[in-house]
Amino acid sequence: MQIARISLESGPRYAIVDHDTDEYIVLAGDPIFQGLDTTGQRLPRKGTRLLSPIIPRSKVIGVGKNYMDHIKEMGGDVPEIPVLFFKPNTSVIGPDDPIVAPSWAKEISYEAELAVVIGRPCKDVPVDRVDDVIYGYTAANDVTARDAQRAEPQWARAKGFDTSCPLGPVIDLDYDPAGKAIRSTVNGELRQDGNTNDMLTGVKELVSYISHAFSLLPGDVILTGTPAGVGIMSESDTVTVEVEGIGELTNQLRTS
C-alpha cells in the first residue's frame with residue numbers, strides 16, 4: 001500500500017494510491033496517527049497535485065558516508081560509526097517544488113537516497129525490532145550546498161537550508177528495502193546508479209543506532225545515504241531521484 005499527500009481546495013489531505021483505477025482514495029485524517037479510514041472521496045491521479053508525503057513534526061536525520069563509492073569520490077575516510085546530521089522540517093518540500101539555492105551558496109549538489117519514515121515513538125530499539133517502528137519508506141534528495149560543506153566543520157547550513165530536503169512521491173507501507181536500485185538523473189542524463197545492498201550500514205542497523213542516540217517520534221524521517229555520482233547543478237537543472245518500487249521525485253533548481 002502506498003500513501004500520498006495531496007493538495008485540495010480544503011487543504012492538504014492524505015490518500016491511498018489506487019493503482020488499479022489510477023485514483024487517490026482520500027483519507028479522513030493523518031494515517032500515522034488516525035489510521036486508514038477513508039472519506040469515500042476519490043480523485044483522479046492525473047491533475048492532482050502531490051505534496052511531500054510527510055512533514056516531520058520533529059526532525060529529519062541524515063546519514064553521511066554510507067556508500068563506499070561515494071566516500072571514494074568525495075575523498076573522505078571510511079567512518080568507524082555512522083555519521084549523523086540533522087535537517088530541519090523547514091527544509092522539506094514535495095514533488096515538483098523548486099529547490100531554491102540560497103544567495104550564499106554557489107555549488108548546489110543532488111544526493112539520491114532511500115528515506116525511512118518512523119511510525120511510533122521509540123528509543124533504544126534492538127535491530128530485530130526495527131520493523132515494528134518503521135511506518136514506511138519514501139525517496140529523498142539530500143540537497144547540499146557543497147561550498148558551505150567544505151568551508152564549515154558542521155553541516156547544518158550546508159544541508160539544512162530551506163528546500164534542501166525534497167521527499168516523495170509517496171510512502172510505501174509494505175516496502176522491502178533490500179536490493180533496491182537508487183538512481184538520479186539531471187536533465188534526463190543518468191548521474192547515480194546505486195543499490196541499497198551497497199550501504200555500509202543497513203537500514204535496520206541505522207534505525208537501531210540512531211534510536212540509541214535520541215528518541216524517534218512518529219513522522220521522523222531518516223535519510224540513509226547516497227551512492228556515487230553526486231554533482232553540482234546549474235540554474236534550471238531538473239533532478240529526478242528514483243527509488244525502485246517507490247517512484248520518481250523530480251525538482252528543479254532555482255536561484256533565490
- Message: Rolling a 1.4 angstrom probe over the protein chains, ignoring ligands and nucleic acids, what is the accessible area of ASP96 in square angstrom, nearest 10?
- Response: 120 Å²
- How much length, in nm to one decimal, is gained on full extension between SER10 and ARG254, taken as 0.36 nm per residue of separation minus their Cα-Cα distance? 85.0 nm
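Contour minus end-to-end for ALA156 and VAL127, with contour as 0.36 nm per residue of separation and end-to-end as the Cα-Cα distance?
Contour length minus the Cα-Cα distance gives 7.6 nm.
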- Note on the structure: Residues other than TYR209 with Cβ under 13 Å of its Cβ, Lys/Arg counted +1 and Asp/Glu -1, net out at -1
- Item | Heavy atoms of PHE85 accessible to a 1.4 Å probe, total area in Å² rounded to 10 | 20 Å²
- Item | Extension gain, ASP37 back to ASP22 (0.36 nm per residue minus Cα-Cα distance, nm) | 3.5 nm
- Message: Heavy atoms of the protein only, probe of 1.4 Å, neighbouring chains included. What is the accessible area of THR138 in Å², nearest 10?
- Response: 0 Å²
- Query: With a Cα-only, solvent-free Debye model of the chain, what are the log10 I(q)/I(0) values at q = 0.11, 0.12, 0.16 Å⁻¹?
  - Reply: -0.55, -0.66, -1.20
- Task: Count the net charge of all other residues whose Cβ sits under 10 Å from the Cβ of VAL60, scoring Lys and Arg as +1 and Asp and Glu as -1.
- Result: +1
- What pairs from LYS106/LYS180; LYS123/LYS180; LYS72/LYS106; LYS72/LYS180; LYS46/LYS87; LYS46/LYS159 go past 25 Å between their alpha carbons? LYS106/LYS180; LYS123/LYS180; LYS46/LYS87; LYS46/LYS159
- Using a 1.4 Å probe over the heavy atoms of the protein chains, calculate the carbon and sulfur portion of the accessible area of the stretch 74-202 as a whole percent. 48 percent
- Task: Would you mind listing how long the stretch 1-121 runs along its three principal axes, going by Cα atoms, in whole Å with the largest first?
- Result: 53, 34, 28
- Query: Label-point separation (nm) for ASP174 and SER103, each offset 7 Å from Cα along Cα-to-Cβ?
  - Reply: 5.0 nm
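The values are calculated or read from the model by the stated rules, or taken from the named source; none is laboratory data. Computed from a predicted model, the values in this text were never measured in an experiment. Every residue, glycine as well, gets a Cβ built from its backbone with ideal geometry; the counts of neighbours run over all protein chains shown. When the accessible area is computed, the model is the full protein with side chains, heavy atoms only, and any ligands, DNA or RNA have been set aside. Shrake-Rupley method; radii C 1.70, N 1.55, O 1.52, S 1.80 Å.
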